[in-house]
């Protein structure tokens, strides 16, 4: 699975979980939902910023050189 797919799944699960939490605590006000969304977007944004693509291994470099 590609890194982008994994990140998308984690972020989607996080946001879906926040929606379930918001519904379970019976949030009804726009202010409450705004705070939930605002605070809920911080962890995925930090994750996207800090989670980098792993370095290319030696075997991947060799395979890439052979293909060219």
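For this structure, a couple of remarks:
- Taking Cα atoms only, the orientation of helix 58-67 departs from the longest principal axis of the chain by about 70 degrees.
- Rounded to the nearest 500, the helix-only mean residue ellipticity at 222 nm of the chain stands at -26500 deg cm²/dmol, with each DSSP H run of n ≥ 4 adding -39,500 (n - 2.57).
- Extension reserve of the residue 49-residue 35 stretch, reckoned as 0.36 nm per residue once the Cα distance is removed: 2.9 nm
- Principal-axis tilt of helix 3-24 within the chain, Cα atoms, nearest 10 degrees: 10 degrees
Every number here is computed from the coordinates shown, using simple stated rules; none is lab data. These figures come from a predicted structure and were not determined experimentally.
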